[in-house]
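Okay, so here's the structure we're looking at.
Since every read-out is calculated from the coordinates, none of them should be taken as a lab result. Quick caveat, the model's predicted, so the values are computed rather than measured. Here the Cβ is made from the backbone with ideal geometry for all residues, glycine too, and neighbour counts use every protein chain on show.
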Amino acid sequence: MPNLELPLVVLAILAGTLAVTSAGRGAWVAIALLAVTSSALEFSLADPSHIGLILRVSAIGIGLIITVPEGLFEPGALRHDLALRTLIATLRAHPVVVASAAAGLLLGLVPLALPIESSSGALRAAGVALLVVGLPPLLTSRFIEATTRAAVVTLSGTLLLRTSIFGALDPLAALAIGAGFACILLVGGSVASRIANAEEEQ
Amino acid sequence: MTVEGVLTAIRALFPILLALSSLALLPLIRLWRGRQHDDGAAYATYGVQILLLATSVGAGLAGAGYLSTLKISQITIDPSEPGRLLVLLGGIVFAVIVGAGEGRRAATMGQIALFGIAAIDLALAIPSGIAPIALLLFASLGISGAAASGKDDVGRARAVFRDLRTVSLLLPAVVIAEILRTAISYAAIDASYATPASLAAGTALGVSLVVIVAAGVFPFHHRLIKIFEALPIVGSLLVGVWIPSALALIVMSELSALASSITDPLGGAIVPGILLAGAATLIFGAVSALLHDDIGEIVGFMAVGNAGWLALAAAAALQSPTDTSSRLIVLPGILIISLFGLWLVSVRRRYRTTSISELGGWARHTGAHGIVLMAAIIALAALPPGAVLAARLNLLLLGGNPLIAIFAIVGQIMLIVAAIRLLLVGFTPQSQAVREVETRPLANLITISLIGGALFVAAAAAGWLAVESGGTGPLPPAPSVSPATSFAPGPSGEPSATPSIEPSPSAMNSPEVSPEVSPSGSVEISPAP
């Protein structure tokens, strides 16, 4: 498993970056990928019973299943939106976010002040990178669904940073945080649909 | 599981069990009465009121002793006295509010109240690490989402959206505070790092921010006002007052423990900053309450004033960790704003308006409403002088700044004046909106419960009943630094005498990023123009 750490970190950062830069199918798939990779990084070795991992992935999974817009899994459109060329074009359209992710990764790799010095470098790097990528849109975005995804990215980063220092969450905290992820996705989706309905009525 | 184990689980989880039972009970009542008698909504309201009162009685009987402490594997749920006290009073308060609110959605609001007080009880039963704070923050978000559902109101949706952003920002602040707190012990033995006092100041700032933002302390009051404007009163009270106050209890315990753990004075200007914010919030809330003419907004600004007291209490917990005054004022504050909420919902329901200009003579028309407001004013003034007034004065003394104390006293007096102004409007000649409403007989279940509930809550809030909240115990220290979770074995968790590198700026001081990331080709919904 140790050799999976680096690919998972890279995948998590890439998914987080795509979640805040793309829209529609690409963003939702990126959020799902981020949920799986960040949960695997957070829980896999520390928790032999995998309760935390199962709770987190199932909570985000339930939230996503209820929230994702209709027609997300239309094969043709999905293939187009997830094509490598489309993803690269999305990332190229947001150079500042990509640069932020890279800067966050490097910043996280450098051991900072104690107690961070004795923490896991890869987890810390992923955590800092996701925080740096997620916080700006969370603070400033006017789009509800984009803000919801930015919230998921920021929280994932926060929890990875915490895990790098303190270890995995205990089952009760994992349950609370998992419920929180689901709550963010559900409330974000419900607010978006309510405003859309109100605007349609107007 | 043994019979004793089952009984312990019931005692420990009683509020949450009753909240969950409402999910099955209320649809059954609606089905039973809806088909034949068409009064399903009214019976569902009675059902949820009974559940709220049962929660209250059950929490009182179960208490917070060792018989209610549930242990499942590594998980311990140990109900606290403040948690049980909040459930006991919350059940009564919300049963009366739901009764006064009446209407089609009253039962749903009662259900939301059941889950809200259950979340508070559970959070105060697990005072360890970030779990209770996360639980309360996410419960707040869930409750505001649920309270705003039911109609496509853009204002409500925007208020919930604001809450989503706030909650998502507060959790990173708590985690950063947790990291800084762990660093204090290292800084104490290694002079090349930040001093314990400055790290403690950072930790205090992080955890205080949770209360300051969640409770609506100036300059974060806007969220609270929007909540009171947009959400139904049960949701407003839970999200704007009850949950922030429960958070304040946890945070104050944490601040007390933090202040006790360092010998030097706290670094930075944290304490003066929080004191100033508290006094400014009280003055701001009071002046705004006097200047506004909408009773919903006025009650919102009263809640802002109460948030000022929470900030002053947080500062006092840092100044004098052993003094309990800071935790004594939390419960009266919750009950006072709940009384104003009860008055607001009953007046709004009766006269279908919230404008003062259209409510002339309301107290002469319905004396019961006048009694509720008078009870709220007496509780706000903490009369006759007793434990609550003494705790407030002690807080101001602990602050140690006469100017702040004068500002706070002036703010509190102005809040009382704003409430008296509402009462005086009730004795002016009756407006047309008031005259057109039928008079309800005094021997009416809603009126009796309104008066009885208001007097009980006012007595508890003013300190006539011996109700006090001792606050939760301090949060246990964060887990020791351990690289065990990493994939590759890391270095030892023990701090080195000579750090390998110079301390560098925090990870949060990262390079600038674009202030706004707009998703390409976005077809998403913007919340506000």
Using alpha-carbon positions, what is the distance between the centroids of the stretch B:64-96 and the stretch B:292-338, in Å? 23
Let me know the whole percent of all Cα-Cα pairs from the stretch A:70-202 that are separated by more than 18 Å. 67
So, relative contact order of the stretch A:2-201 in percent, Cα under 8 Å, 6 or more apart, is 28
Grab the beta carbon distance between residue B:390 and residue A:79, set R0 = 60 Å, and tell me the FRET efficiency rounded to 0.05. 0.25
Regarding the stretch B:218-262, what is the average projected area of its C-alpha convex hull, in nm²? 3.6
What ratio of Cα Rg to 2.2 N^0.38 Å holds for the stretch B:132-462? 1.04
Under 19 Å by backbone N from the virtual spin label 7 Å along Cα-to-Cβ at residue B:6, the residues of the stretch B:51-68 are B:62, B:67-68
The stretch B:23-73: chymotrypsin sites (Phe, Trp or Tyr not before Pro) falling in loop per DSSP and having at most 10 other Cβ within 10 Å: none
Give me the one-decimal Kirkwood hydrodynamic radius in Å for the stretch B:167-225, with the sum taken over alpha-carbon pairs. 12.3
Run the paramagnetic zone check for residue B:432: 7 angstrom along Cα to Cβ, then residues of the stretch B:343-381 with backbone nitrogen under 18 Å. B:351-362
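In debye, nearest 20, what is the charge dipole magnitude of the protein assembly as shown about its Cα centre with +1 on Lys and Arg Cβ and -1 on Asp and Glu Cβ, if you could check?
1240
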Based only on the alpha carbon positions, what is the Kirkwood hydrodynamic radius of the stretch B:25-108, in angstrom? 14.3
Could you tell me what fraction of 2.2 N^0.38 Å the Cα radius of gyration of the protein assembly as shown comes to, as a two-decimal ratio? 0.96
Which order results if B:450, A:78, A:84, B:209 are arranged by neighbouring Cβ count within 10 Å, fewest first? A:84, A:78, B:209, B:450
Within 10 Å of each Cβ in peptide B:110-117, how many partner chain Cβ atoms are there on average? Round it to a whole number, please. 0
Report the far tail of the P(r) of the stretch A:1-91, meaning the percent of Cα-Cα pairs longer than 24 Å. 25
Using bins 10 angstrom wide from zero, how does P(r) for the stretch B:83-229 break down, in % of all Cα pairs? 11, 31, 33, 16, 7, 3, 0
Checking the a/c ratio against 1.5 first, then a/b against b/c, what shape does the Cα gyration tensor give for the stretch B:397-441? prolate
Using θ = phi - 60° and the Karplus relation 6.51 cos²θ - 1.76 cosθ + 1.60, list the HN-Hα couplings for the stretch A:52-67 in order, rounded to whole Hz, with x at every Gly or Pro. x, 4, 5, 4, 4, 5, 5, 5, 5, x, 4, x, 5, 4, 6, 8
